[in-house]
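To start, the structure itself, in structure tokens.
The values are calculated or read from the model by the stated rules, or taken from the named source; none is laboratory data. Since this is a predicted model, take the numbers as computed values, not measurements. Cβ placement follows ideal geometry from the backbone for every residue including glycine, while neighbour counts extend to all protein chains displayed.
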Ligand SMILES: NC(=O)c1ccc[n+]([C@@H]2O[C@H](COP(=O)([O-])OP(=O)(O)OC[C@H]3O[C@@H](n4cnc5c(N)ncnc54)[C@H](OP(=O)(O)O)[C@@H]3O)[C@@H](O)[C@H]2O)c1
């Protein structure tokens, strides 16, 4: 497991990873999951999951895709912690992320009283979840590397909070189209001419698609 901490504060290193179509969409306009990754990319994602301490998604992904968020063929002790951001307690009781294949933490607000069998609950923030306090909590629990897998709203919230260290995007050979189809980074977006700047650290053909890897440039 990587033990490199972000330099400017004690928090886990954050790697955002997602797969998008050649026209920049991560699912269909009905928010239906599509197989965008190649076999080679899926193998890479498996390795990446095994190298991090925790995997995080938003509740929108739980509702849309019902993912397991586990690494197939690996025992429970080797699985990364699964984390769901769910301020309003919308994770269904029968969601696959609640199975006993790996530990799970659902992060919600102190106003949300919901409990789930199969998950520990972290209640933090009134009305909204403060990502920085979540990160401090993860750090305190020895989570040194965090992989954020989506969806677009969740990834945006990490970029908006300045918490992303690496951005890895696989571009699959398809066009999905649709102005309402989710993209890797949705949310409100940065205003005006102040985008988050990236430095490319890798590019690799994986099957019929390409993986682009970036690190976030920190403005001092
Ligand atoms: N291709 C890929 O790599 C990939 C990967 C993952 C997902 N997806 C796709 O992405 C789509 C889902 O994306 P999405 O943007 O709709 O949903 P999402 O990002 O998975 O979840 C968004 C929801 O999570 C909660 N949330 C996220 N960040 C939060 C924060 N910082 N603080 C508090 N709450 C937070 C909010 O819940 P509330 O609404 O309750 O406030 C928010 O509406 C699906 O279509 C899925 O198929 C694609």
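Restricting to the range 181-220, what's the tally of residues that are surrounded by fewer than 13 Cβ atoms within 10 Å (Cβ to Cβ), within 20 Å of the chain's Cα centre (by Cα) and either touching a residue at least 24 places away in the same chain (Cβ under 8 Å) or closer than 14 Å to residue 37 by Cβ (or both)?
Of the residues in that region, 3 qualify.
So residue 196 ticks every box in (1) touching a helix residue (DSSP H, G or I) at 6+ places or on another chain (Cβ under 7 Å); (2) within 27 Å of residue 25 (Cβ to Cβ); (3) outside any loop (DSSP other than H, G, I, E, B) but one. Which box is left unticked?
(3)
Please tell me if residue 155 is at pLDDT 95 or above, within 16 Å of the ligand (Cβ to nearest atom), in a helix (DSSP H, G or I) and on the phi < 0 side of the Ramachandran plot. Reasoning before the result, please.
On the way: at pLDDT 95 or above: yes; within 16 Å of the ligand (Cβ to nearest atom): yes; in a helix (DSSP H, G or I): yes; on the phi < 0 side of the Ramachandran plot: yes.
Judged against the criteria, residue 155 is a match.
Would you please name the residue that is nearest to the ligand (Cβ to nearest atom), looking only at residues in the range 130-144 that are under 27 Å from residue 182 (Cα atoms) and crowded, with 21+ Cβ neighbours inside 10 Å?
My answer is 131.
Scan the range 106-128 and give yes if some residue there is within 12 Å of the ligand (Cβ to nearest atom), within 29 Å of residue 169 (Cα to Cα), loosely packed, with under 15 Cβ neighbours inside 10 Å and at pLDDT below 95, otherwise no.
Yes, the range 106-128 contains a residue that is within 12 Å of the ligand (Cβ to nearest atom), within 29 Å of residue 169 (Cα to Cα), loosely packed, with under 15 Cβ neighbours inside 10 Å and at pLDDT below 95.
Out of (1) assigned to a loop (DSSP other than H, G, I, E, B); (2) within 17 Å of residue 59 (Cβ to Cβ); (3) in contact with a strand residue (DSSP E or B) (Cβ under 6 Å, 6 or more places away or on another chain), the odd one out for residue 163 is which?
Result: residue 163 fails condition (2) only.
What single numbered condition from (1) touching a residue at least 40 places away in the same chain (Cβ under 8 Å); (2) farther than 18 Å from residue 41 by Cα; (3) within 15 Å of the ligand (Cβ to nearest atom); (4) surrounded by fewer than 17 Cβ atoms within 10 Å (Cβ to Cβ) fails to hold for residue 174?
It is condition (2) that residue 174 fails.
Return the pairs, sorted by first residue and then second, in which the second residue is assigned to a loop (DSSP other than H, G, I, E, B) and near the ligand (Cβ under 10 Å from one of its atoms), the first residue lies in the range 53-77 and is free of Cβ contacts under 8 Å to residues at least 40 places away in the same chain, the beta carbons are less than 7 Å apart, and the residues are 6+ apart or on different chains.
59/86; 59/90; 59/91; 62/91; 63/90; 65/33
Out of the range 15-36, which residues are surrounded by fewer than 20 Cβ atoms within 10 Å (Cβ to Cβ) and either under 15 Å from residue 67 (Cα atoms) or within 9 Å of the ligand (Cβ to nearest atom) (or both)?
Scanning the range 15-36 gives 28, 30, 31, 32, 33, 34, 35.
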